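Report on the following structure.
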Amino acid sequence: MGGYNALWGFLASSAGLLIGGTGAGWVKGQKVPLVFSLCAGMIIGLVVLDIVPDSIRLGGWPPAVAGLLVGVWVYSQLERWSRRVIVLTHEPKQEVFLYSGVLIALSIAIHNVPTGIALGANASEALARPMLLTIFFHTIPEGIAVFTPLIMAGYGLMSLLVITLVVSLPIAVGALIGGSIGLGSPLLLTLVIALAMGMTLAVAVKEMLGKAVKDSSLGFCAYGAIAGFVLMATYLQLVSHGG
């Protein structure tokens, strides 16, 4: 069952990311502050309204809060290290987009490991099926968040496919682990999920909203972020009722 769930988890994640990537291609022509504000609001909404509450239900408040704080710290260290030793592009504007996309993709990939473990640990097909639908629907906005900055940095279809592979594989690996050893420690899973979400929130606020405010105004970006948050809340509500 673990191998079956691993395959379908990988496919569900890949399909959702690619659909989100298509949406990211549509917003490429929009104004950068608007796009980044909307994406940041959507990311914050997804994390605050859905993923963090799920992790708290799984393992409680202490590991969730600790994971969020550690995630913000890990992000700050990764950012400091990567900007010192890696030159990804000689265009400062493109570099901001690229770092945002890569760091969000990394945090989602980390989060996908415990997601895969939970999927693989479900021996019941009746339980696995709604989890697969959840993975699919939730990776659509993640695809928008990951690929919008990458497309705006000038990266095309091949990069989209490679990132999709890198982000989706951890679900398959996690499902194989979950199918072999079970769910493991809920506290540890909560810590890992919250760590990844701490990184994601840090990227959304510093890289995306920070960039948007520099190129526009705080008021405009606040409205954009609120609109993105409301869009995500509406989306999650529709998905919840649909499930």
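Below is a table of values for the structure above.
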item: Positions within the range 170-183 being in contact (Cβ under 8 Å) with a residue 60 or more places away in the chain and farther than 12 Å from Ile108 by Cβ, in sequence order; result: Ala172, Val173, Gly174, Ala175, Leu176, Ile177, Gly178, Gly179, Ser180, Gly182, Leu183
item: Positions within the range 32-72 being free of Cβ contacts under 8 Å to residues at least 40 places away in the same chain and more than 17 Å from the chain's Cα centre (by Cα), in sequence order; result: Arg57, Trp61, Pro62
item: Residue within the range 217-234 that is touching a His at 6+ places or on another chain (Cβ under 9 Å), among the β-branched types (Val, Ile, Thr), surrounded by fewer than 22 Cβ atoms within 10 Å (Cβ to Cβ) and touching a residue at least 24 places away in the same chain (Cβ under 8 Å) present; result: no
item: Residue within the range 136-151 that is in contact with a helix residue (DSSP H, G or I) (Cβ under 8 Å, 6 or more places away or on another chain), surrounded by fewer than 17 Cβ atoms within 10 Å (Cβ to Cβ), among the aliphatic types (A, V, I, L, M) and in contact (Cβ under 8 Å) with a residue 60 or more places away in the chain present; result: no
item: Residue in the range 170-187 that is of a type in the set (Val, Ile, Thr), out of contact with any Gly (no Cβ under 8 Å at 6 or more places or on another chain), at pLDDT 85 or above and within 28 Å of Val205 (Cα to Cα) present; result: no
item: Count - residues of the range 150-170 that are more than 13 Å from the chain's Cα centre (by Cα) and outside any loop (DSSP other than H, G, I, E, B); result: 11
item: Some residue of the range 213-226 being under 21 Å from the mean Cα position of the chain (by Cα), within 18 Å of Val52 (Cα to Cα), in a helix (DSSP H, G or I) and of a type in the set (Val, Ile, Thr); result: no
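The values are calculated or read from the model by the stated rules, or taken from the named source; none is laboratory data. Please read these numbers as outputs of a predicted model, since none were measured by experiment. Neighbour counts are summed over all protein chains in view; Cβ atoms, including those assigned to glycine, are modelled from backbone coordinates with ideal geometry.
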